[in-house]
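Here's the structure we're looking at; comments come further down.
Values in this text are rule-based calculations from the coordinates and carry no lab data. None of the values given here were measured: they were computed from a predicted structure. We place every Cβ from the backbone using ideal geometry, glycine too, and count neighbours over all the protein chains shown.
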Amino acid sequence: MFLWGTATAAYQIEGAVREDGRGVSIWDAFAHEPGRTRDGHTGDVACDHYHRWREDIALMSGLGVNAYRFSIAWPRVLPTGTGEVNDRGLDFYDRLADALLAAGIQPVPTLFHWDLPQALEDRGGWLNRDTAAAFADYAATVAARLADRVPLWITLNEPFVHMAYGYAMGIHAPGRLMLTDALPAAHHQLLGHGLAVQALRSAGASQVALTNNCTPVWPASQEEPDLRAADAYDILHNRLFNDPVLLGKYPDLSAYATELDFLRDGDLATISTPVDALGINYYNPTRIAAPTDDALPFTDASITGHPTTAFGWPVVPDGLRELLTGLKSRYGAALPPILITENGCSQDDVPQEDGTIDDTARIAFLDGHLGAMRRAMAEGVDVRGYFAWSLLDNFEWAEGYHQRFGLVHVDFATQRRTPKRSYHWFRDHLARQNTET
Ligand code: BGC
């Protein structure tokens, strides 16, 4: 069965940050630091999904999806990251899974979508190798409760973004500005992934995947310095997170580190424990030019000539086809089936006087990207699912509530949910799939 779904993440939608024994996460701490997020927004309430999950499942039923990708908040399950389990936290996901199944929707949990327990951050976060083992223990705890009903699990969401924004550039939690010294945060996340794959399988999970955010890299020109910079960027963004998992080795990281002193014997064997699928989040291609200073071996160059989202990101649907066929040619038989675990766009969606939200640009975005996915499939890429980001407008990290990605509009003053025109479009699209298959 092809999985058609929507995706969300715990800190972006749940709210209820102090309820039922939940511990503090790095995002609670970060969002409450002055100046870290736009207008000081936090996820304290977010979409109040922790209380409104029934209504949100009803919205998914109305959409006709057969799967839902959400994330489990580690600090709800283990408030200090390790040790004592908070059963009330697990109960929430247990209820959610049961209600989804009752609605004919397969729960697809992601175990880590950036909300590390603050107690682990206080011991170094992902710079500390012990966090990898702690993650595997947490994975085992959750699976012991849910794996009897939940077949497919995702370990990490976008370890690249967590490393780059959280540890290298300081714009996401935990807010560290380490540039290339952030590499151990990549390795320990990958190690945590590998250990978690093993822990999940032992606890009865039948399928396990990792979700990477990947981008086609376009050199700014065909001149040698731009080509070299594009290659360096491709290594950092794409290959650093795919090669060790799929090939059991790191790409050439010499542009970033003289030695990989965090790498120990046996790590790559753990990291390359076979996965059943690779989750891909796709938003846009990246154009890269030769470096303009010594801090990094590349410079981000802008992409022109395409429409842009409210975030300013270029809308390039065929980039998804290019990415998927590129992965197939790069990894060949080592590439497992693909799940598009996120794809979507932010738009300035304003309700009209009659309450409707006419997000035609989002419809064009989805239509274009679904077409690109199908072209990749026609070219032989084995895609098994597509999850639109996102079900609801939600807390968009450093941008707070300013970027709206939902198929459903949320009025954050009242928590009123209003399906946008794209919701109805996606529903009709899914209904056509069902009649065709
Ligand atoms: C993340 C989401 C985020 C989306 C849009 C992805 O990088 O997984 O949490 O909301 O992009 O920025």
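When the chain is modelled as a GNM with alpha-carbon springs shorter than 10 Å, which of LEU260, LEU152, LEU190 fluctuates the most?
LEU260
Once amide H atoms are placed 1.01 Å from N in the peptide plane, what residues at a sequence separation of 5 or more from ASP48, or on another chain, have their amide H within under 5 Å of its amide H?
Sorted by chain and number, the residues that satisfy this are GLY15.
What is the magnitude of the charge dipole of segment 376-426 about its Cα centre, with +1 placed on the Cβ of each Lys and Arg, -1 on the Cβ of each Asp and Glu, and no other charges, expressed in debye to the nearest 20?
On the way: 6 positive and 6 negative charges, 62 e Å.
Charge dipole, segment 376-426, about its Cα centre: 300 debye, nearest 20.
Which order do peptides 192-198, 25-31, 224-230 fall in by mean Cβ count within 10 Å, highest first?
192-198, 25-31, 224-230
Ordered by residue, what ³J(HN,Hα) values in Hz, to whole numbers, does segment 161-176 give under the Karplus form 6.51 cos²θ - 1.76 cosθ + 1.60, where θ = phi - 60° and Gly and Pro are x?
For segment 161-176, the Karplus curve yields 5, 4, 5, 5, 7, x, 10, 8, 10, x, 9, 10, 4, x, x, 8 Hz.
Can you compute 3J(HN,Hα) from phi for each residue in segment 383-396, using the Karplus curve 6.51 cos²θ - 1.76 cosθ + 1.60 with θ = phi - 60°, rounded to whole Hz and x for Gly and Pro?
9, 10, x, 9, 10, 6, 9, 9, 4, 10, 4, 7, 6, 8
List the residues whose amide H sits under 5 Å from the amide H of TRP153, counting only those 5 or more places along or on another chain, with H placed 1.01 Å from N in the peptide plane.
Distant-sequence amide H within range of TRP153: GLN207, VAL208, ALA209.
Give the peptides 240-248, 171-179 in descending order of average Cβ contacts within 10 Å, highest first.
240-248, 171-179
From the residues TRP126, GLY355, TYR165, which one has its Cα farthest along the dipole of the chain in the positive direction, the dipole being from +1 and -1 charges on Cβ of Lys/Arg and Asp/Glu about the Cα centre?
GLY355
Is the shape of segment 1-135 best called rounded, prolate or oblate, per the rule: a/c under 1.5 gives rounded, else a/b larger than b/c gives prolate, else oblate, with a ≥ b ≥ c the square roots of the Cα gyration tensor eigenvalues?
Working: a/c = 1.94, a/b = 1.53, b/c = 1.27.
It comes out prolate by the Cα gyration axes.
Check which residues have an amide H placed less than 5 Å from LEU3's amide H, if you skip close sequence neighbours.
The list, which skips near neighbours in sequence, is GLY385, TYR386.
If R₀ is 35 angstrom, what is the calculated FRET efficiency for the pair HIS51 and ALA378, using the beta carbon separation as r and rounding to 0.05? All intermediate terms of the calculation are to be shown ahead of the outcome.
Values: r = 44 Å, r/R0 = 1.25.
So, using R0 = 35 Å, E works out to roughly 0.20.
If you take the square roots of the eigenvalues of the alpha-carbon gyration tensor of segment 173-264 and sort them as a ≥ b ≥ c, do you get rounded (a/c under 1.5), prolate (a/b over b/c) or oblate?
prolate
Provide the gained length on full extension for the span ASP428 to MET178, in nm with one decimal, where the gain is 0.36 nm per separating residue minus the Cα-Cα distance.
So the chain would gain 85.3 nm between ASP428 and MET178.
For LEU210, LEU327, which order do you get if you count the other beta carbons within 10 Å of each Cβ and list the fewest first?
Details: LEU210 28, LEU327 22.
Listed from fewest to most nearby Cβ atoms, that is LEU327, LEU210.
Would segment 272-312 count as rounded, prolate or oblate if I go by the C-alpha gyration tensor, calling it rounded below 1.5 in a/c and otherwise prolate when a/b exceeds b/c, oblate otherwise?
It is oblate, given that a/c is not under 1.5 and a/b is not larger than b/c.
If I model a spin label as a point 7 Å beyond the Cα along the Cα-Cβ vector, how far apart are those points for ALA58 and ILE171 in nm?
Result: 3.9 nm between the two label points.
How high is the relative contact order of segment 6-135, in percent, with contacts defined as C-alpha pairs under 8 Å that are six or more residues apart? The partial results should precede the final answer.
On the way: 207 pairs, mean separation 41.7, N = 130.
Over segment 6-135, the number comes to 32 percent.
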